[in-house]
Structures are given as structure tokens and as C-alpha cells.
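Report on the following structure.
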Amino acid sequence: MKVTTIGLDLAKNVFQVHGVDERGHAVVRKQLRREQLMAFFAAVPPCLVGMEACGGAHHWARRLQEYGHRVRLISPQYVKPYVKTNKNDAVDAEAICEAVGRPNMRFVPIKTLEQQLVLSIHRVRQGFVKARTAQANQIRGLLAEFGLVAPRGISNVVGKIPVLVEAATALPAAMRPIVDRLLEHMKALDRQVKEMEAQIKAWHEGSDLSRKLAAVPGIGPLTASALVASIADARSFKNGRQVAAWLGLVPKQDSSGGKPKLLGMSKRGDTYLRTLLIHGARSTIVAAQRWKKPSPWLQGLLSRRHPNIAAVALANKNARTVWALLAHEREFRPDYVPRPPTA
């Protein structure tokens, strides 16, 4: 029987395959080693292959596409309802095979090598930023044990702490070289962060899509490059609201019996992207309040809501704008007024 759909459960070394024919009857149940995987799919006629969007999924998706297969990546949370019994590789592969054939299933766009490279640089930078923050907190905590409290702000750790330590009389002499060593480590982490940012900005300058998004207030090179690399294909989203929901910028719902009940922000999806958008929105609000030139929409929002709520609302609006620019290949216009829907 001809295999029409395959569910592939990914792993490091052992892969599970579950294939069905056009009637949905299982015709292939195999466990393959890593070195056997591509030989198996090279011998299978082109068909629909489903995989969970996990580590290495984009790599295998690109490899399978080279053999003519139609590859679909599914978020693991959408596969779980199709797991019938206890979890194992064979059951997971069967669930993936069942989920990929659903007509209303949502899929994850397959990323290119360039998009994965940009996101890797973002992740490396994010790791250095976390390490730098942890190092600053350790320095503050150690000095607080000796009664030395540094001013707030991470920039004050390198700028003010050496002066504070030099003037301290109660600090043991052996503690001073320890603080110097920690400060040198923090400076090294800061240099790494700046080098990663330089690479991101260089890629941003060479990307037309990224520079287009940077024209939106509240979106800079870091946010623009991360959005372009993460969204991949904007047309995979039906509208801008789906992008905002994908980023967790919409309210959670607890509605029942025809009574809508909206809660706080859902916080689903990519935390890194959501953080960048909200921080950018905060900076836009601060700049608007400082120069007294907010847009009428933002001015009305700030008059009714707390600035924190306004920041999330602006981030939501920016996410929808990003989708419109990418999906419809438009340029950002600050004076753009959307057309009312026609009857």
C-alpha cells in the first residue's frame, strides 16, 4: 500500500516512524537509527510528513524537503490530545501522524538557515545578558554583607563600585582583589554582549524586511531582526491578531454560557519576543511623554489606563502592524488610517 502520511517522532539517535495509507490504515511502524533515517525517506515516494516543532526539527524538515516530501511542523501542545495511551515513541509517532492530517491544525513555518543563524546570535546574546546580570547581583550581594550598598542600575556596578570599595574602611584587604576579579569578569561579559549586538545590527542593516520593521516606533534593530527571523512566513498567520496571540499579548479567556470573561495577558508563546516588544513600547511611551507628542490613539489610551497596560496595548498594536507590513509587503506610514470594513 502507498504511504500518504507519516508521523516522525524525533530524537537524538533513535527515531520512530508511523505511516498510514489513504484510508488511514497503518502500513509502516518502524524504529530507525540516525544513520538510517535519510535512506528510509529517500526510498519512500513523496508524501506528507509531520513532526513536532522541537530541537532539530527545522534541520530535518529542510532535509526531507530535498526528497520532495511535504513537511509540516506542529507545536507539541497540539499533538498531546491525540496521544491515546501511555507515552512512548511509537504512540507519539502515531499521534503526530493523526494530528498532521487534521484540516484545522496550525503549523509552524519552517525556518531557513539564515533565520536560524540570526536567532542563534540572539540566544547567545541573551545568555550573556543573563550572566552579566547574575554577576552584577553577586557583586552587590557580597558587598552588602560588608555594609556596602551600590547605587541602583547595572551601569553603576562598574562605574561606582570601584570608588565605593576604595573608600571603604571596614572591607577586608583580601576582599578587594576578589571584587576586582568579579568586575573584570563582568566587563568581559559586557564586551561579549556588545559584540553580539554588533553582529545583529550588521545583519539588520543588510535585511530589507528588518529595516522596514525598524521604522515602527518602539521597534529597533534587535526587535526587528528577531521578529523577521522568528515569524519566518507572515502569511502563515491569518491576521495580525493571530500574531499578537502567538506572542501572548492578548487577554486570556474564561468564558462560558455566552458570557465573555477576559483576564490578564496570556503570556503564551515566545517570552523573548514579547519582552522586546513591551520594552520598546515602554520607551515609546516615555519619549512621547517627554516630548509631549504622543499620537492621538496613545494619548487617549494613557488618559484612560495605567502606563503598564498602555505598554502592553501598544506592543499588541505593533505586533499587528508588523504582520501587516510583512504579509502585505507594505511600508510603514505613521499617518495610515485603516479603511472601515465594507458591508
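Any read-out appearing in this document is the output of simple, stated calculations on the displayed coordinates, not a laboratory observation. The structure presented is a predicted model; accordingly, all values stated were derived computationally and were not measured. Here the Cβ positions follow ideal geometry from the backbone for every residue, glycine too, while neighbour counts run over all protein chains shown.
Things to note:
- For region 208-327, averaging the sequence separation of C-alpha pairs within contact (under 8 Å, six or more residues apart) and dividing by the residue count gives a relative contact order of 33 percent.
- Counting only Cβ charges, +1 for Lys and Arg and -1 for Asp and Glu, the dipole size of the chain around its Cα centre is about 1060 debye.
- DSSP-assigned coil residues among trypsin sites (Lys or Arg not before Pro) in region 134-189, each with at most 11 further Cβ atoms within 10 Å: 152
- Lys/Arg +1, Asp/Glu -1 at C-beta; the chain dipole; positive extreme among 263, 228, 7: 263
- Comparing Cα centroids, region 159-173 and region 221-252 end up 47 angstrom apart.
- Given R0 = 45 Å, the distance between the Cβ atoms of residue 271 and residue 339 translates into a calculated FRET efficiency of 0.85.
- Fraction of C-alpha pairs exceeding 18 angstrom in region 1-64: 28 percent, rounded to a whole number.
- DSSP-defined beta bridges in the chain - what % are antiparallel, rounded to 5: 65 percent
- Model label zone, residue 233; criterion: amide N under 17 Å from point 7 Å along Cα-to-beta-carbon; scope region 85-119: 100-116
- Percent of Cα pairs exceeding the 37 Å cut-off, where the set is the chain: 39 percent
- Centroid-to-centroid separation of region 284-319 and region 56-96 [C-alpha atoms, Å]: 42 Å
- The simple Förster model, with R0 at 22 Å and r as the Cβ-Cβ distance, assigns residue 83 and residue 14 a FRET efficiency of 0.75.
- Residue 49 long-range amide H proximity, modeled H, under 5 Å: 6, 70, 71, 72
- 3J(HN,Hα) from dihedral phi, region 258-265, Karplus parametrisation 6.51/-1.76/1.60, rounded to Hz, x for glycine, proline: x, 10, x, 9, 9, 10, x, 4
- Full extension of the chain between residue 293 and residue 116 gives 59.9 nm of extra length, using 0.36 nm per residue less the Cα-Cα distance.
- Segment residue 70..residue 175, full-extension length gain: 31.6 nm, with 0.36 nm per residue of separation and the alpha-carbon distance subtracted.
- Taking the chain as a Gaussian network of alpha-carbon nodes connected by springs under 10 Å, the highest mean-square fluctuation of the residues 117, 263, 249 belongs to 263.
- With the Kirkwood sum run over all distinct C-alpha pairs, region 113-205 has a hydrodynamic radius of 14.6 Å.
- Evaluated at q = 0.23 Å⁻¹, the base-10 log of the normalised Debye intensity for region 289-343, with identical point scatterers placed on the Cα atoms, takes the values -1.05.
- Stretch gain in nm, segment residue 330-residue 34, where the contour uses 0.36 nm per residue and the Cα spacing is subtracted: 102.2 nm
- Within straight-line cross-link reach of residue 84, aspartates and glutamates at Cα separation under 14 Å, skipping those fewer than 8 residues along the same chain: 92, 94, 98
- Cross-link table 80/252; 160/267; 130/267; 160/212; 292/317; 30/238, entries beyond 29 Å C-alpha to C-alpha: 160/267; 160/212; 30/238
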